[in-house]
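This report concerns only the one structure given below.
The values are calculated or read from the model by the stated rules, or taken from the named source; none is laboratory data. Note that the structure is predicted; figures quoted are calculated from it, not measured. FYI the Cβ positions are ideal-geometry reconstructions off the backbone, even for glycines, and counts take in every protein chain you see.
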Amino acid sequence: MVRKILFVIVVMLGTTCTSTNHYAKNDGMTIFRLVNQFRLKHGVPPLQYLKTRQAEIDRWAIHLETRYQHASRGYSTENIAINFIGPEELFRQWKNSPPHRRNMLLWRLKYCAIGVQVGTYKGIQPAYFGVFRGYDRDFKPKNSKYSSKILHP
């Protein structure tokens, strides 16, 4: 009996530790899928993922850990959030907040980029910092004749 309980605790601890690393890599795409499902459910066309803005979005998500604030330019709309549960909860927070919900359902948006940082907030760990930015046009990299890389849902 003791051996079985110990095994369950070890397995649970191992899962907890590895899931944080997994989340850090895939949270943005999880939220992207949820946003597009939400848009389709409400009759709004899905967004395309604007990969050229990813580094900028990731930097801002990291910035939120030290200073929780909206950016001031470079996008059509922005949602930010913090929680201690995970990416699905970040999406739920936005969905249940009327201004954030409106941002995700704007018809004029064609593209988005999403960043999630897993870190510490006021000594609590893990904390999930999320950024959703919507764009009404494609952004081409400066000094380039090539269109930006876009991921389709």
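On the given criteria, is THR15 at pLDDT below 90 and out of contact with any strand residue (DSSP E or B) (no Cβ under 8 Å at 6 or more places or on another chain)?
yes
Can you name every residue in segment 116-134 that is over 20 Å from GLN48 (Cβ atoms) and either touching a residue at least 12 places away in the same chain (Cβ under 8 Å) or surrounded by 18 or more Cβ atoms within 10 Å (Cβ to Cβ) (or both)?
Across segment 116-134, the qualifying residues are GLN117, VAL118, GLY119, THR120, TYR121, ILE124, PRO126, ALA127, TYR128, PHE129.
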